[in-house]
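Trainee: My questions all concern the structure below.
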């Protein structure tokens, strides 16, 4: 396996040259220069590096030795070790007596860059695998139990645990910003949680834990995102088959929540269960044809007073005094408006069944 790429070698060169104001070369396991402060030396064989690779130890080269070694200049060459094996060589150009004190420091810096790169690659691999699992669970296709369980098993994740889909929709998408946010979220997740991104750039977290733990997590998520987006959570999923339902509920709340409560920071399914169910019914073609009465109300309500009154009536659960106070009108005016709504729609808001129909029709219109 090749650990040192040209890109990584050049990164090592640039970082270590900040430590020591000398030219730095990085050679691969074949002794070929793949990173250098002197670009003209790239892709040349470095005999000094070959000595390091052959003897598995540092090699100092003075002027006399340099004249006999191909592609070498005076300096010190040290093995780069990773996972207890030599994967390359780092060379420092200069008189050995002048740079000897810095040699180990440069070697350590090179190995640290390599280790960081490897760890980052593992984190990215884990993120990609998690995202594959998440998208598989929330997609509309058939869930392949064996496929998804095998991959989740690689990470020690038990898919039989109860989870809730939490979806974050950024207000302004930028790939680098989203990736940084995902990285920050990872530190807030439990061992059994999963995170992924959709093709629409939503961040989806399949969160385990109690409702209070999930609510606390959502607040932290909102803080991490600096409030630049909308967050919604779906119903609880008892098994992997129900994860998609939880995700679909959260998606619907992303639409519905800002309409119902524009000032809220996030929306939980438990708080809008009725609205989610009604909106699902309201958006079917059959139901839409059965609810034309709300259109009649809007057509006749040129100033929007009646629609606003109905919305306030629903919000305040029919408490006439509160509604009149909120609208700054007399109770007799409120009664008149309710009678007018009944006349135009054939549904009396003061009747619970009629009110349910009016609410469903209103939601259908709001979601258009």
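Rundown of residues vs (1) touching a strand residue (DSSP E or B) at 6+ places or on another chain (Cβ under 9 Å); (2) under 19 Å from residue 94 (Cβ atoms); (3) surrounded by 14 or more Cβ atoms within 10 Å (Cβ to Cβ), yes/no style:
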{"residue": "17", "(1), (2), (3)": "yes, yes, yes"}
{"residue": "23", "(1), (2), (3)": "yes, yes, yes"}
{"residue": "31", "(1), (2), (3)": "yes, no, yes"}
{"residue": "46", "(1), (2), (3)": "yes, yes, yes"}
{"residue": "53", "(1), (2), (3)": "yes, no, yes"}
{"residue": "60", "(1), (2), (3)": "yes, yes, yes"}
{"residue": "64", "(1), (2), (3)": "no, yes, no"}
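Trainee: Please state which one of 352, 323 is over 30 Å from residue 226 (Cα atoms), surrounded by 15 or more Cβ atoms within 10 Å (Cβ to Cβ) and at pLDDT below 95. Before you say what the answer is, go through the steps one by one.
Mentor: Working: 352 fails: surrounded by 15 or more Cβ atoms within 10 Å (Cβ to Cβ).
Just a single option satisfies the conditions, and that option is 323.
Trainee: From the set of residues in segment 244-254 that are surrounded by fewer than 21 Cβ atoms within 10 Å (Cβ to Cβ) and either at pLDDT 95 or above or within 19 Å of the chain's Cα centre (by Cα) (or both), which is nearest to residue 146 (Cα to Cα)? Full working, then the answer.
Mentor: At the first step, the residues of segment 244-254 found to be surrounded by fewer than 21 Cβ atoms within 10 Å (Cβ to Cβ) are 244-245, 248, 251, 254.
Checking which are either at pLDDT 95 or above or within 19 Å of the chain's Cα centre (by Cα) (or both) leaves us with 244, 248, 251, 254.
Working: 244: 17, 248: 23, 251: 27, 254: 31 Å.
The selected residue is 244.
Trainee: Also: Just to be sure I understand, how many residues within segment 162-189 are surrounded by fewer than 16 Cβ atoms within 10 Å (Cβ to Cβ) and either under 18 Å from residue 234 (Cβ atoms) or not assigned by TED's automatic domain parsing to the domain that holds residue 258 (or both)?
Mentor: Qualifying residue count, segment 162-189: 1.
Trainee: Being surrounded by fewer than 17 Cβ atoms within 10 Å (Cβ to Cβ), under 19 Å from the mean Cα position of the chain (by Cα) and touching a residue at least 40 places away in the same chain (Cβ under 8 Å) narrows it down to one of 228, 241, so name that one.
Mentor: Details: 241 fails: under 19 Å from the mean Cα position of the chain (by Cα).
Matching residue, one of 228, 241: 228.
Trainee: If we keep just the residues of segment 72-99 that are in contact with a helix residue (DSSP H, G or I) (Cβ under 6 Å, 6 or more places away or on another chain) and in a loop (DSSP other than H, G, I, E, B), which is modelled with the highest pLDDT?
Mentor: Pass one, segment 72-99, residues in contact with a helix residue (DSSP H, G or I) (Cβ under 6 Å, 6 or more places away or on another chain): 72-74, 76-80, 82, 89-90, 92.
The next check asks that each one be in a loop (DSSP other than H, G, I, E, B); those that pass are 72-74.
Numbers: 72: 81, 73: 87, 74: 91.
That would be 74.
Trainee: Checking the conditions here, which among 340, 303, 322 is assigned to a helix (DSSP H, G or I), more than 41 Å from the chain's Cα centre (by Cα) and over 29 Å from residue 276 (Cβ atoms)? Before the answer, list the steps.
Mentor: Details: 303 fails: assigned to a helix (DSSP H, G or I); 322 fails: over 29 Å from residue 276 (Cβ atoms).
After applying the criteria, what remains is 340.
Trainee: Another question about this same structure. Being modelled with pLDDT under 90 and outside any loop (DSSP other than H, G, I, E, B) narrows it down to one residue among 294, 313, 267; which is it? Walk me through how you get there before you give the answer.
Mentor: On the way: 313 fails: modelled with pLDDT under 90; 267 fails: modelled with pLDDT under 90.
Just one listed residue meets the conditions, 294.
Trainee: Quick check: is even one residue across segment 271-279 surrounded by 15 or more Cβ atoms within 10 Å (Cβ to Cβ), out of contact with any helix residue (DSSP H, G or I) (no Cβ under 8 Å at 6 or more places or on another chain), free of Cβ contacts under 8 Å to residues at least 12 places away in the same chain and under 30 Å from residue 234 (Cα atoms)? Full working, then the answer.
Mentor: We begin by selecting, within segment 271-279, every residue surrounded by 15 or more Cβ atoms within 10 Å (Cβ to Cβ); these are 271-272, 275-276, 278-279.
From what's left, out of contact with any helix residue (DSSP H, G or I) (no Cβ under 8 Å at 6 or more places or on another chain): 271.
Applying the additional criterion that residues be free of Cβ contacts under 8 Å to residues at least 12 places away in the same chain yields 271.
In the following step, the residues that additionally are under 30 Å from residue 234 (Cα atoms) were identified as 271.
So far as segment 271-279 goes, yes, one or more of its residues are surrounded by 15 or more Cβ atoms within 10 Å (Cβ to Cβ), out of contact with any helix residue (DSSP H, G or I) (no Cβ under 8 Å at 6 or more places or on another chain), free of Cβ contacts under 8 Å to residues at least 12 places away in the same chain and under 30 Å from residue 234 (Cα atoms).
Trainee: Under 7 Å between Cβ atoms, which residue pairs at least 6 apart in sequence (or on different chains) link something in segment 174-190 that is under 19 Å from residue 125 (Cβ atoms) with a partner that is modelled with pLDDT under 90 and buried (at least 16 other Cβ atoms within 10 Å of the Cβ)?
Mentor: Pairs that qualify, where the first residue is under 19 Å from residue 125 (Cβ atoms) and the partner is modelled with pLDDT under 90 and buried (at least 16 other Cβ atoms within 10 Å of the Cβ), are 182/127.
Trainee: Between a first residue in segment 136-159 that is closer than 22 Å to residue 202 by Cβ and a second residue that is part of a loop (DSSP other than H, G, I, E, B) and modelled with pLDDT of 80 or more, which pairs have beta carbons less than 7 Å apart while being 6 or more apart in sequence or on different chains?
Mentor: Listed by first residue and then by second, the contacts come to 148/159; 152/159; 157/192.
The values are calculated or read from the model by the stated rules, or taken from the named source; none is laboratory data. Computed from a prediction, not measured in an experiment: that's the story for all the values here. So basically every Cβ, Gly included, is an ideal-geometry build from the backbone, and we count neighbours across all protein chains shown.
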